[in-house]
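Trainee: Mind having a look at this structure? Questions to follow.
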Amino acid sequence: MKFEAYKKLFDIYTEENPSSITKTIIKISGLTVFWLILLLILFKVFAVSVNAFMYWYIGIYFVLELLLLFAYLVLYESTSHIIGFSRTVPINAHQFYFYHFILSSLKVEYIAEYLIVSLFLIAIGTPLIPIISLIMILVGMKFIRNYGEFFIYWMKKREVTFPYWSIIFFCIMIFVYLGSGHLLSLISNFAFTLNALVIITITLSLIALITYPVIINELLRDNHSNTNTYKFNQFTGWIASKFSLIFRMNKQLQSLVKYNGIRLLRNPKYIGMMLRMNSTILLFLTLNKYIFSDTTQDSKDVLFNVLYISFILCLLNLSNVKLTFKLNEKQKLDFFPVNLNMERVSLDVVNGIFIFLNFSFLMTLYNVVHSVPLVHIFTSVIAFICFFMLGLILESTYIYHVTKKIKVINYILFFTLGIALEVAFVSLIDWGMQLIVMLTLMLIVYSVRYKFPYLLVLKNKKNESTNKGKKPLVNN
Amino acid sequence: MSFLKVNRLKKTFGSKIILDGLNLEINEPSIVAIIGNNGVGKSVFLSCLLNYLDSDHGSIQVLGHSVDDHLFLRTNTAFVSSDHQEHLYKITPREYFNLIISIYNLNQDASTTKYEKYMKDLELTKEMDSSFNALSFGTKKKVQLIGCLLFNPPILVCDEIFEGLDFEAVKWVKDTFIDRKRAGLVTLFTSHIIQHVEDASDEIYRLRDGKLSSHHLMKEKDSVYEV
């Protein structure tokens, strides 16, 4: 495949219109004027030092590259589209990788920008070595971002069969959290000088250069595989059967709990999400330790942290599992002759078990590091149930399809009510009151989610069209 | 009371009219085929019929009940379609059949014997504990059909049922449809393969311009072959 052909494809998938020479000249002229004014203001008016400018420039570039990575992967999904198309045309891994790098990272505007900045820095007497280092870091960042696009996509593809990366990241986070004291002292000794940044960039670029052929070749091969391990199926089936036994008095509920359990245990996306939720919380706890330098050891701070674990876990469950992953829609329980309340009970029970296992694990880990008083553990369990119930109440505003409006309402309400609950648990209410709040929330969940499942459902055109067959006529 | 009554059904996607005042009535146990060109809306019609998709206008009644009656609809109908298999992902055929047995409250021993026999007939016994995702296109359809036959609903709807099936399986499916008719049940299916339509159906309808019209295969054989 020729470069020009790939360029056309790239423009289509990034929704970019091909630019004429006149347009490019106008763009570069505008860019030159903008940069000259900006640099003059920074150096002449505000008297910014060259060092400070370089660090800010690198910092802003870093953020922009992260945003670009997000845009290509998530917003445009151009990486996945381009890979999907490239599988059907004669292009090899090296061509594909470098064409993509040139088009996404070495545009005329970028080169012009590097030139303007470099010439300006030379003009004000900056030595050549730091300028070359700066340009190396900037181009290196683009190279790593380009690699990151494919690497993340490749990781996602591999996670289709088993959540390898989530497990690895989770294990790393456990070690980081447990040994954060030693790691933090190591990090604090490390100086982020320009030379150090150049070394980091070169190292990462080398890793990218060595490993990209493997990644790209695998992506271009379209190697779909399914988990079909007899032992794994047997094992997950056995676990789901065991915990569904709790509901043996209701055969239908038992079979639905088993069905949901089996499907979720065998779903690498779901399991990966559960592990990443834990990793995220461990990351936050480690950062919290770093920022507050482990001074948070009084009883109230420990309580705040354990409540924080409950809150974030339930928030991530609502946000990632329910609103983004759309668990209720994905399970397709409406394909069976089952009432909406039965559907909800069975799915809430299974998801609740997974979340509670996460919570118990995190609390155990936190207890190992901080020795949490028993009373705080009880409070955190009650708070966890309250946050989980709050999530269930908010989720009752939709049946399957999640619209943007529902998402916004759910986020805002969970944040405000959740934080109010957390503050109340920390400072206002005693143990008895906490139990009353929990029971009240459970009663509300029972009423609005199971007894009258359509009470809070927000009506809108889109919602109605996808909530098929689940109309009040049947249940009420 | 009719098995199925569709009255002035209308479905549009944007400005494109897919179903335009479609009528259909099935009053007796039979095998009914729906034919039509690609993209004419056969699958959309079946999805609306079983309430997987909203219609814009019109009414659909199954055994005298509105399709909005979710429990009644799902208890008395079944759908075999490669577009409606997400609920089977990650589970094995055996787990699926056992789920059907529990949900429809069927006799465990009799139903187990039944699905084991069906699986054996279709030479699928070795796939009993494989993940549904790992099965081939045709095998997925066979498994889905066996699941539906376990509770043998009054109305069975199959979308492109013969597509991807081997010769023996096609024969088995046709025989099954005939058995269902003898048992007083209705089977409605779509197909592009005219030979199967001719062999298996009592009534043929052609979907064209959003409407169904009764189709006489022998008289218009040439035009039907264009389908």
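The values are calculated or read from the model by the stated rules, or taken from the named source; none is laboratory data. Just so it is clear, the model here is predicted, and its values are computed rather than measured. Counting neighbours? That spans all protein chains shown, and the Cβs are built from the backbone with ideal geometry, glycine included. With ligands, DNA and RNA removed, areas are computed over all heavy atoms of the protein, side chains included. Shrake-Rupley method; radii C 1.70, N 1.55, O 1.52, S 1.80 Å.
Trainee: If you take the residues of the stretch B:68-84 that are within 9 Å of chain A (Cβ to nearest Cβ) and under 16 Å from the mean Cα position of the chain (by Cα), which of them is modelled with the lowest pLDDT?
Mentor: Initial filter on the stretch B:68-84 (within 9 Å of chain A (Cβ to nearest Cβ)): B:68-76, B:79, B:84.
Adding the requirement that they be under 16 Å from the mean Cα position of the chain (by Cα) leaves B:73-76, B:79, B:84.
Values: B:73: 95, B:74: 95, B:75: 95, B:76: 96, B:79: 96, B:84: 92.
Once the filter is applied, the top-ranked residue is B:84.
Trainee: Also, I was wondering about something else. Residue B:138 fails exactly one of the following numbered conditions: (1) in contact with a Leu (Cβ under 6 Å, 6 or more places away or on another chain); (2) at the interface with chain A (Cβ under 9 Å from one of its Cβ atoms); (3) more than 22 Å from residue A:254 (Cβ to Cβ). What is the number of that condition?
Mentor: (2)
Trainee: Which pairs do you get when a residue that is at positive phi, found in the stretch B:180-201, comes within reach of a residue that is modelled with pLDDT of 85 or more, reach meaning Cβ atoms under 7 angstrom, with the pair 6+ apart or on two chains?
Mentor: Listed by first residue and then by second, the contacts come to B:184/B:29.
Trainee: Go over the candidates A:106, A:119, A:115, A:134 one by one and state the one that is in contact (Cβ under 8 Å) with a residue 40 or more places away in the chain and of a type in the set (A, V, I, L, M, F, W, C). Explain how you work it out, then say what you get.
Mentor: Details: A:106 fails: in contact (Cβ under 8 Å) with a residue 40 or more places away in the chain; A:119 fails: in contact (Cβ under 8 Å) with a residue 40 or more places away in the chain; A:115 fails: in contact (Cβ under 8 Å) with a residue 40 or more places away in the chain.
Just one listed residue meets the conditions, A:134.
Trainee: Within the stretch B:175-193, which residues are touching a strand residue (DSSP E or B) at 6+ places or on another chain (Cβ under 9 Å) and assigned to a helix (DSSP H, G or I)? Walk me through it before giving the result.
Mentor: If we filter the stretch B:175-193 for residues that are touching a strand residue (DSSP E or B) at 6+ places or on another chain (Cβ under 9 Å), which is where we start, we get B:176-178, B:180-181, B:185-192.
Scanning the stretch B:175-193 gives B:176, B:177, B:178, B:180, B:181.
Trainee: Among the residues of the stretch A:31-46, are any on the phi < 0 side of the Ramachandran plot, free of Cβ contacts under 8 Å to residues at least 24 places away in the same chain and touching a helix residue (DSSP H, G or I) at 6+ places or on another chain (Cβ under 8 Å)? I'd like the intermediate steps shown before the answer.
Mentor: Applying the first criterion (on the phi < 0 side of the Ramachandran plot) to the stretch A:31-46 yields A:31-46.
The next check asks that each one be free of Cβ contacts under 8 Å to residues at least 24 places away in the same chain; those that pass are A:33-34, A:37-38, A:40-42, A:44-46.
Retained after the next criterion (residues that are touching a helix residue (DSSP H, G or I) at 6+ places or on another chain (Cβ under 8 Å)): A:42.
Yes, there is a match, as at least one residue in the stretch A:31-46 is on the phi < 0 side of the Ramachandran plot, free of Cβ contacts under 8 Å to residues at least 24 places away in the same chain and touching a helix residue (DSSP H, G or I) at 6+ places or on another chain (Cβ under 8 Å).
Trainee: Looking only at the stretch A:249-266, which residues are surrounded by fewer than 20 Cβ atoms within 10 Å (Cβ to Cβ) and outside any helix (DSSP H, G or I)?
Mentor: A:249, A:250
Trainee: Consider the stretch B:158-174. How many of its residues are part of a loop (DSSP other than H, G, I, E, B) and out of contact with any Gly (no Cβ under 9 Å at 6 or more places or on another chain)?
Mentor: Going residue by residue through the stretch B:158-174, those that are part of a loop (DSSP other than H, G, I, E, B) are B:159-166.
If we keep only those that are out of contact with any Gly (no Cβ under 9 Å at 6 or more places or on another chain) as well, we get B:159-162.
Result for the stretch B:158-174: 4.
Trainee: Now for a separate question. Given the structure, is residue A:346 open to solvent by 10 Å² or more (accessible area, probe 1.4 Å), in a helix (DSSP H, G or I) and either among the β-branched types (Val, Ile, Thr) or over 23 Å from residue A:435 (Cβ atoms) (or both)? First the steps, then the outcome.
Mentor: On the way: open to solvent by 10 Å² or more (accessible area, probe 1.4 Å): no; in a helix (DSSP H, G or I): yes; either among the β-branched types (Val, Ile, Thr) or over 23 Å from residue A:435 (Cβ atoms) (or both): yes.
Spelling it out, it is not the case that residue A:346 is open to solvent by 10 Å² or more (accessible area, probe 1.4 Å), in a helix (DSSP H, G or I) and either among the β-branched types (Val, Ile, Thr) or over 23 Å from residue A:435 (Cβ atoms) (or both).
Trainee: Now, a different point. Output the residues belonging to the stretch B:185-222 that are open to solvent by 10 Å² or more (accessible area, probe 1.4 Å) and either modelled with pLDDT of 95 or more or under 16 Å from residue B:22 (Cα atoms) (or both).
Mentor: Filtering the stretch B:185-222 down to residues open to solvent by 10 Å² or more (accessible area, probe 1.4 Å) leaves B:185, B:192-196, B:198-199, B:201-206, B:208-209, B:211-222.
Selection gives B:185, B:204, B:205, B:206, B:208, B:209, B:211, B:212, B:213, B:214, B:215.
Trainee: If you go through the stretch B:152-175 one residue at a time, how many are surrounded by 21 or more Cβ atoms within 10 Å (Cβ to Cβ) and without any contact (Cβ under 8 Å) to a residue 40 or more places away in the chain?
Mentor: The qualifying residues number 3.
Trainee: Can you find, within the stretch B:131-151, the residue that is nearest to residue B:91 (Cα to Cα) among those that are open to solvent by 10 Å² or more (accessible area, probe 1.4 Å) and not in a helix (DSSP H, G or I)?
Mentor: B:135
One line per residue, one yes/no per condition, for (1) of a type outside the set (Ser, Thr, Tyr); (2) open to solvent by less than 60 Å² (accessible area, probe 1.4 Å):
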residue: A:385; (1), (2): yes, yes
residue: A:402; (1), (2): yes, yes
residue: A:412; (1), (2): yes, no
residue: A:416; (1), (2): no, no
residue: A:441; (1), (2): yes, yes
residue: A:454; (1), (2): no, yes
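Trainee: Moving to a separate point now. Report yes if some residue within the stretch A:14-22 is assigned to a helix (DSSP H, G or I) and open to solvent by less than 60 Å² (accessible area, probe 1.4 Å); otherwise report no. It would help to see each step written out before you state the result.
Mentor: Applying the first criterion (assigned to a helix (DSSP H, G or I)) to the stretch A:14-22 yields A:21-22.
Cutting the leftovers down to open to solvent by less than 60 Å² (accessible area, probe 1.4 Å) gives us none.
Within the stretch A:14-22 (the criterion being assigned to a helix (DSSP H, G or I) and open to solvent by less than 60 Å² (accessible area, probe 1.4 Å)), the answer is no, since none of the residues qualifies.
Trainee: Find the residue count for the stretch B:120-130, including only residues that are within 14 Å of chain A (Cβ to nearest Cβ) and part of a helix (DSSP H, G or I). Even if it seems obvious, please write down each step before you answer.
Mentor: Taking the stretch B:120-130 first, the residues within 14 Å of chain A (Cβ to nearest Cβ) are B:126-130.
Those still in the list that are part of a helix (DSSP H, G or I) too: B:126-127.
Of the residues in that region, 2 qualify.
Trainee: Do the conditions hold for residue B:50, that is, is it within 27 Å of residue B:175 (Cβ to Cβ), outside the structural domain of residue B:196 (by the TED database) and buried (at least 20 other Cβ atoms within 10 Å of the Cβ)?
Mentor: Values: within 27 Å of residue B:175 (Cβ to Cβ): yes; outside the structural domain of residue B:196 (by the TED database): no; buried (at least 20 other Cβ atoms within 10 Å of the Cβ): yes.
Answer is no for this residue.
Trainee: While we're here: Consider residue B:128 against the criteria (1) open to solvent by less than 20 Å² (accessible area, probe 1.4 Å); (2) within 19 Å of residue A:260 (Cβ to Cβ): it satisfies all of them except one. Which criterion is unmet?
Mentor: Looking at each condition in turn, residue B:128 falls short on (2).
Trainee: Based on this model, can you work out whether residue B:53 counts as under 21 Å from residue B:156 (Cβ atoms), part of a loop (DSSP other than H, G, I, E, B) and within 9 Å of chain A (Cβ to nearest Cβ)? Talk me through it step by step, then tell me what you get.
Mentor: Numbers: under 21 Å from residue B:156 (Cβ atoms): yes; part of a loop (DSSP other than H, G, I, E, B): yes; within 9 Å of chain A (Cβ to nearest Cβ): yes.
Considered against the rule, which asks whether it is under 21 Å from residue B:156 (Cβ atoms), part of a loop (DSSP other than H, G, I, E, B) and within 9 Å of chain A (Cβ to nearest Cβ), residue B:53 comes out as yes.
Trainee: Residue A:324 is checked against (1) modelled with pLDDT under 90; (2) under 18 Å from residue A:418 (Cα atoms) and fails just one. What number does that condition carry?
Mentor: So residue A:324 meets the others, but not (2).
Trainee: A further question on this structure: Go through the stretch B:63-119 residue by residue and tally those that are part of a helix (DSSP H, G or I), open to solvent by 50 Å² or more (accessible area, probe 1.4 Å) and in contact with a helix residue (DSSP H, G or I) (Cβ under 7 Å, 6 or more places away or on another chain).
Mentor: Counting residues in the stretch B:63-119 that are part of a helix (DSSP H, G or I), open to solvent by 50 Å² or more (accessible area, probe 1.4 Å) and in contact with a helix residue (DSSP H, G or I) (Cβ under 7 Å, 6 or more places away or on another chain) gives 3.
Trainee: Take the conditions under 30 Å from residue A:194 (Cβ atoms), surrounded by 11 or more Cβ atoms within 10 Å (Cβ to Cβ) and of a type in the set (Val, Ile, Thr) and apply them to residue A:32. Does it pass? Step through it out loud before you land on a result.
Mentor: Details: under 30 Å from residue A:194 (Cβ atoms): yes; surrounded by 11 or more Cβ atoms within 10 Å (Cβ to Cβ): yes; of a type in the set (Val, Ile, Thr): yes.
Judged against the criteria, residue A:32 is a match.
Trainee: Right, here's the next one. Picking from A:457, A:437, A:375, which residue would you name as being at pLDDT below 90 and either part of a helix (DSSP H, G or I) or touching a strand residue (DSSP E or B) at 6+ places or on another chain (Cβ under 8 Å) (or both)? If you could, list the steps in order and put the result at the bottom.
Mentor: On the way: A:457 fails: either part of a helix (DSSP H, G or I) or touching a strand residue (DSSP E or B) at 6+ places or on another chain (Cβ under 8 Å) (or both); A:437 fails: at pLDDT below 90.
When all the criteria are applied, what remains is A:375.
Trainee: Could I ask something else about it? Residue B:59: in a loop (DSSP other than H, G, I, E, B) and touching a strand residue (DSSP E or B) at 6+ places or on another chain (Cβ under 7 Å), yes or no?
Mentor: Spelling it out, it is not the case that residue B:59 is in a loop (DSSP other than H, G, I, E, B) and touching a strand residue (DSSP E or B) at 6+ places or on another chain (Cβ under 7 Å).
Trainee: For the stretch A:369-380, does any single residue satisfy the condition of being among the small types (Gly, Ala, Ser), under 24 Å from the mean Cα position of the chain (by Cα), over 28 Å from residue B:71 (Cβ atoms) and away from chain B (no Cβ under 13 Å)? I'd like the intermediate steps shown before the answer.
Mentor: Step one: filter the stretch A:369-380 for residues among the small types (Gly, Ala, Ser), giving A:371, A:380.
Next, from what is left, pick out any that are under 24 Å from the mean Cα position of the chain (by Cα): none.
No: the stretch A:369-380 contains no residue that is among the small types (Gly, Ala, Ser), under 24 Å from the mean Cα position of the chain (by Cα), over 28 Å from residue B:71 (Cβ atoms) and away from chain B (no Cβ under 13 Å).
Trainee: Out of A:211, A:203, A:286, which single residue is modelled with pLDDT of 90 or more, within 25 Å of the chain's Cα centre (by Cα) and more than 10 Å from every other protein chain (Cβ to nearest Cβ)?
Mentor: Working: A:203 fails: within 25 Å of the chain's Cα centre (by Cα); A:286 fails: modelled with pLDDT of 90 or more.
Every option except A:211 fails the conditions.
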